[in-house]
Amino acid sequence: MEQPFEMIHTAENEPRFNMPYTPAVKVTAGKLVFLAGVTAAPVYHSHPHIASEFDDIPLDPGEQAQMAIDAIRQVLEAAGGGLEHIVEMTRYIVNIADNQDAINQVLGQAMGNHRPASTTVEVVRLATDHRLVLELRAVAAVPD
């Protein structure tokens, strides 16, 4: 099945740079799905937050990235799609210098050759819990 979007590059595109994102994505069909930000915390948790609900979350940034991408996969599957349908992703990372390499490795493995448009923002703290180091937010175009 053909993807409901097209990856956009400029004439200056140089594949040797192996960028982890595409400059733009044009949605050509399908349905847009806007995902709420997810972390390593369970998708459904108490509000206001109860700190003890997050006690079993690992401190390792790679493990947190795996849990977050698994949550995104689960939500997208419920919407009729998968990671390959993500057209835009925003990554909020606490302390990029310490955490980005492990996060990049996990996300790279999960996404394979699929490169959605993306932005990375360094933050001081995430709202859910002080132990979390990554929040992912995404937009997907799933098939009709």
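No lab work stands behind these numbers, since they all come straight from the coordinates. Worth saying up front: this structure is predicted, and the values here are computed from it rather than measured. Note that we place each Cβ from the backbone using ideal geometry, even for glycine, and neighbour counts take in every protein chain shown.
General observations
- Under 5 Å from the amide H of GLU6 lie the amide H atoms of LYS26, VAL27, THR28, each residue being 5 or more positions distant or on a separate chain, with H modelled from the backbone and absent for Pro and chain starts.
- Residue order, fewest to most beta carbons within 10 Å, for SER118, SER46: SER46, SER118
- Linear extension gain, PHE34 paired with ARG73, 0.36 nm per residue minus alpha-carbon span: 12.7 nm
- Phi angles of the range 95-106 translate, via the Karplus equation with coefficients 6.51, -1.76, 1.60 and θ = phi - 60°, into HN-Hα couplings of 6, 3, 4, 8, 10, 5, 4, 5, 5, 4, 4, 5 Hz per residue; Gly and Pro are given as x.
- Alpha-carbon centroid distance for the pair the range 111-126 / the range 65-97, whole angstrom: 9 Å
- Tensor-based shape of the chain (alpha-carbon gyration tensor, a/c under 1.5 rounded, otherwise prolate or oblate): oblate
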